[in-house]
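We did not get these values from a lab; they are worked out from the coordinates using the rules stated. Every value quoted in this text rests on a predicted model; they were computed, and no experiment measured them. Here Cβ is always computed from backbone atoms with ideal geometry, including for glycine, and neighbour counts include all displayed protein chains.
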């Protein structure tokens, strides 16, 4: 197939540091190309993903620094380039699936990397009957309510890009974004309670992130708790491989959580709360522990050293590999193309994907 992948313009692909969506897109684009498909990644000029790329912005526009006009410009130019020459577009932007109405002959699918509630609820409710929507976890899909979900596909990684570590660093690691919903302060309190050193590697650039650090996290530093900044790829995987565990006490229904499968790929168990997709990723008592109170989280930090690190790596290779993720996307693309051929004349369901239970939208023939 000829597949056009449309990335958001906020960060390059792959991201130089923080960026779970962009890390996933890098893997998907590389994996599709390695599987023999013709791939175009529409991204930004500073991206380095080793597939054919195109762009309108020479550099990524930055998270939280540009308005909707930037994404719309990015989307308009992307569809102008791919509309006539690709079998399918996999759109990871927000405005793209709406703009795609201008190209009714072009098969488009989209992945929701955020929640199905709040600001995104109306968007996916409006497009879900026309554009097949991919969820990234069962937890996220279960919250979609009246948005039809075409497929639930967990993210994946290439285990070969991650060193299998022995966890000899003697520290727990927090890796993510400096935000209350990520549980940074909780991780610091849990580590202090357990008497375990904690390294905090977190993106901290936006005003809200800086304010949260100053008010909630900085007072907890010291006594074995250290903030080491935002990490690039090499430093990230080194710290993951040497950590005794990834401490990930998220406080919101996170749709997936790339950092957890990256840790497991390094053989590093994950200690997390039961929010969002964490219970789908972490096998409690096998590849980590799922606990919900700070006391319970602290209690298991002494136990993670007894979990076999090879089991963590094996679980990624079995359930969260890049090959599995690519194969599931290809299967959906094929289903979309086949269904469009069979149901091209079905009014109201131009995209040809049945709703759950095989029914078609009201008004379809």
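Take every DSSP beta bridge whose two residues both sit in region 161-319; close to 5 percent of them are antiparallel. The modelled label-to-label distance for the pair residue 317/residue 73, using points 7 Å beyond Cα in the direction of Cβ, is 4.7 nm.
The modelled label-to-label distance for the pair residue 338/residue 208, using points 7 Å beyond Cα in the direction of Cβ, is 4.2 nm.
Gain in length, residue 84 to residue 122, computed as 0.36 nm per residue apart minus the alpha-carbon separation, to one decimal in nm?
10.7 nm
Annotation for residue 146 and residue 310: the two label points, set 7 Å from Cα along the Cα-Cβ direction, are 5.3 nm apart.
Cβ crowding within 10 Å, taken as a proxy for footprinting-reagent exposure, orders 133, 271 from fewest neighbours to most as 133, 271.
Run the numbers on region 104-209 and let me know its relative contact order in percent, using alpha-carbon pairs under 8 Å that are six or more apart. Averaging sequence separation for qualifying contacts and normalising by length gives 20 percent for region 104-209. Estimated at 0.36 nm per residue, the fully extended path between residue 327 and residue 102 surpasses their Cα-Cα distance by 78.1 nm. For q values of 0.08, 0.13 Å⁻¹, compute log₁₀ I(q)/I(0) with the Debye formula on a Cα-only model of the chain, without solvent. The calculated log intensity ratios at q = 0.08, 0.13 Å⁻¹ are -0.41, -1.03.
For region 67-141, what is the Kirkwood estimate of the hydrodynamic radius, computed as the reciprocal of the mean inverse distance between distinct Cα atoms, to one decimal in Å? Don't skip to the answer; put the middle values down first.
Values: mean 1/r = 0.0774 Å⁻¹.
Roughly 12.9 Å, rounded to one decimal.
Per residue, how much space in cubic angstrom lies within the convex hull of the C-alpha atoms of region 170-213?
55
Using R₀ = 41 Å, calculate the FRET efficiency as 1/(1 + (r/R₀)^6) where r is the Cβ-Cβ separation of residue 63 and residue 302; round to 0.05.
Once the sixth-power term is evaluated, E becomes 0.65.
Reducing region 110-131 and region 234-253 to their Cα centroids gives an inter-centroid distance of 29 Å.
Beyond 22 Å, the tail of the calculated P(r) for region 151-268 holds 32 percent of the Cα pairs. Extension gain for the segment residue 2 to residue 221, taken as residue separation times 0.36 nm less the Cα-Cα distance, is 73.8 nm to one decimal.
Mind checking the angle between helix 322-342 and the chain's longest principal axis? C-alpha axes, 0 to 90 degrees, to the nearest 10. Result, in degrees: 20.
Please state the relative contact order of the chain as a whole percent: Cα pairs under 8 Å, 6+ residues apart?
16
Springs join every pair of Cα atoms under 10 Å in this Gaussian network model of the chain, and among 79, 333, 99 the largest mean-square fluctuation is at 99.
Going from the fewest other Cβ atoms within 10 Å to the most, the residues 177, 161 appear in the order 161, 177. Choose one answer from 101, 22, 342: the residue with the largest mean-square fluctuation in a GNM of the chain with alpha-carbon springs under 10 Å. Maximum among the listed residues: 342.
Taking other Cβ atoms within 10 Å as a rough exposure proxy, 260, 325, 1 sort from fewest to most as 1, 325, 260.
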